[in-house]
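Participant: Before anything else, here's the structure in question.
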Amino acid sequence: MRQAAELAAQEINTRGGIGGRQIQIRFLADSGDPNVAVRIAHTLVDDPDVVAVVGHVTSGVTLAAVGVYGSGRNPVPVISPTASSPKLSGVSPYFFRTCPTDLSHGPALARFAHGALHAERVQVLYENDDYGRGVREAFVREFTNLGGTVVSEDPFFATTPTLEPYLSRAVRSGGVDVVLVAADPEGGQLVLKDLRRMGDRVPVIGGDGLAGIEADTALAEGTRISLSYLADRPSPLNAAFVLAYSRAYHGDRPDDTGAETYDAVNLLARAIQEAGPDRKAVRDYLARVGRDHPAFDGVTGAIAFDSLGNVPAKAVVIGMVRHGHLELDRTQ
């Protein structure tokens, strides 16, 4: 995300900045801690040079900080590229996001499991946090509506040493066709390692929280992940972004979090160009993107906000891990 933000800022400044003024990107680490996030939010709101914020990364810390950004005498507009919890919908008139919510990922995974993988029985393993619970609830609701059976829904924490008891219980109950993992890459690795130890090759699918697991090429091969963006997305704008990113970062490919961040920075630049470097004017401009103002054509697709600050029209796709990269799964 940081690399994509830096690339966007460099490109904007190379083109002459905004109204002849260069933009600066300041990075502050919240360490995934809501208390730290709140302190950061106060720091940024109180700084008159700050026009807008891109972040935070996770939903929990965003929920903690967004009240600070949206209050006081001079609130600051926020665009999160990655905070996907439904609890953030409409939480503040100053909050927007470029990513789809968990309510998009869960149903998309359910339809893929039922339609493309022909799954009838699914086991759900989810990290017991806002993200894991959100994906799990949306998936279970849709998969059940499609006629499928959810054999079990088992929570775990980052400190859980093994999930083998959950996996073994599913085998004893008659087995499953698919395992859904609603967690971060570490949680996905835990599931995959336990499955491999058991000799079980059941397909594993997961939400965008698993993005990054593809780096473990031997373990993650074949894992399917729902995403708002893939580097092989067919569009001239995205092709130029992927090429620029690769040149800037030693051949790396951007992931969904980077691409969403790149769009967020460029969208803010357009808002500042059109409305001026005034926080309320930028917020008011963003609120009308896709309605009174044209949708923003980004590398992740068209961005158009609804009244809750969401992007309901943005599609979710399924990627498959192949040789260390996420590529579009052609079976969807």
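Participant: What residue, of Asp263, Asp284, is assigned to a helix (DSSP H, G or I), outside the structural domain of Asp194 (by TED's automatic domain parsing) and surrounded by 18 or more Cβ atoms within 10 Å (Cβ to Cβ)?
Facilitator: When all the criteria are applied, what remains is Asp263.
Participant: Consider segment 279-296. How many of its residues are free of Cβ contacts under 8 Å to residues at least 12 places away in the same chain and either of a type in the set (Ser, Thr, Tyr) or within 13 Å of Val76 (Cα to Cα) (or both)?
Facilitator: 2
Participant: Here's a check for you: in segment 82-100, which residue that is surrounded by fewer than 18 Cβ atoms within 10 Å (Cβ to Cβ) and among the small types (Gly, Ala, Ser) is nearest to the chain's Cα centre (by Cα)?
Facilitator: So, considering only residues that are surrounded by fewer than 18 Cβ atoms within 10 Å (Cβ to Cβ) and among the small types (Gly, Ala, Ser), the one nearest to the chain's Cα centre (by Cα) is Ser89.
Participant: If you scan segment 171-182, which residues turn out to be surrounded by fewer than 21 Cβ atoms within 10 Å (Cβ to Cβ) and either closer than 22 Å to His118 by Cβ or hydrophobic (A, V, I, L, M, F, W, C) (or both)?
Facilitator: Val171, Ser173, Gly174, Gly175, Asp177 - these are the residues of segment 171-182 that are surrounded by fewer than 21 Cβ atoms within 10 Å (Cβ to Cβ) and either closer than 22 Å to His118 by Cβ or hydrophobic (A, V, I, L, M, F, W, C) (or both).
Participant: Name the single residue that is modelled with the highest pLDDT among those in segment 119-160 being of a type in the set (Val, Ile, Thr) and part of a loop (DSSP other than H, G, I, E, B).
Facilitator: Top of the filtered list is Thr160.
Participant: Okay, next question. Are any residues in segment 199-236 within 22 Å of Arg169 (Cα to Cα) and at pLDDT below 95, and if so, which ones?
Facilitator: Scanning segment 199-236 gives Gly199, Asp200, Arg201.
Participant: A further question follows. In segment 72-118, how many residues are assigned to a helix (DSSP H, G or I) and farther than 23 Å from Val51 by Cβ?
Facilitator: The number of residues fulfilling the criteria is 17.
Participant: Considering each residue of segment 183-224, count those that are surrounded by fewer than 15 Cβ atoms within 10 Å (Cβ to Cβ), more than 19 Å from Arg330 (Cα to Cα) and of a type outside the set (S, T, N, Q), and give that number.
Facilitator: Qualifying residue count, segment 183-224: 8.
Participant: For the condition without any contact (Cβ under 8 Å) to a residue 24 or more places away in the chain and of a type outside the set (Lys, Arg), what is the one hit in Pro161, Pro185?
Facilitator: That would be Pro161, the only listed residue that is without any contact (Cβ under 8 Å) to a residue 24 or more places away in the chain and of a type outside the set (Lys, Arg).
Participant: Tally the residues that are surrounded by fewer than 21 Cβ atoms within 10 Å (Cβ to Cβ) and touching a Pro at 6+ places or on another chain (Cβ under 9 Å), restricting the search to segment 6-50.
Facilitator: So the count comes out to 3.
Participant: Looking at (1) at pLDDT 95 or above; (2) in the same structural domain as Asn74 (by TED's automatic domain parsing); (3) more than 15 Å from the chain's Cα centre (by Cα), can you tell me which one Asp252 breaks?
Facilitator: So Asp252 meets the others, but not (1).
Participant: Please determine whether any residue of segment 145-155 is buried (at least 24 other Cβ atoms within 10 Å of the Cβ), farther than 22 Å from Gly309 by Cα and not assigned by TED's automatic domain parsing to the domain that holds Pro277.
Facilitator: no
Participant: State the number of residues belonging to segment 233-260 that are under 23 Å from Arg330 (Cβ atoms), among the small types (Gly, Ala, Ser) and either in contact with a Ser or Thr (Cβ under 9 Å, 6 or more places away or on another chain) or in a helix (DSSP H, G or I) (or both).
Facilitator: Residues meeting the conditions: 2.
Participant: Hey, any hits in segment 28-45 for a residue that's farther than 28 Å from Gly207 by Cα, in a loop (DSSP other than H, G, I, E, B), more than 21 Å from the chain's Cα centre (by Cα) and among the charged types (D, E, K, R)?
Facilitator: Scanning segment 28-45, I find no residue that is farther than 28 Å from Gly207 by Cα, in a loop (DSSP other than H, G, I, E, B), more than 21 Å from the chain's Cα centre (by Cα) and among the charged types (D, E, K, R), so the answer is no.
Participant: Return the residues of segment 239-251 that are touching a residue at least 12 places away in the same chain (Cβ under 8 Å) and surrounded by fewer than 21 Cβ atoms within 10 Å (Cβ to Cβ); say none if nothing qualifies.
Facilitator: Result: Val242, Ala244, Ala248, Tyr249.
The values are calculated or read from the model by the stated rules, or taken from the named source; none is laboratory data. Bear in mind the structure is a predicted one, so any value in this text is a computation, not a measurement. Backbone-built Cβ (ideal geometry, glycine too); neighbour counts: all protein chains shown.
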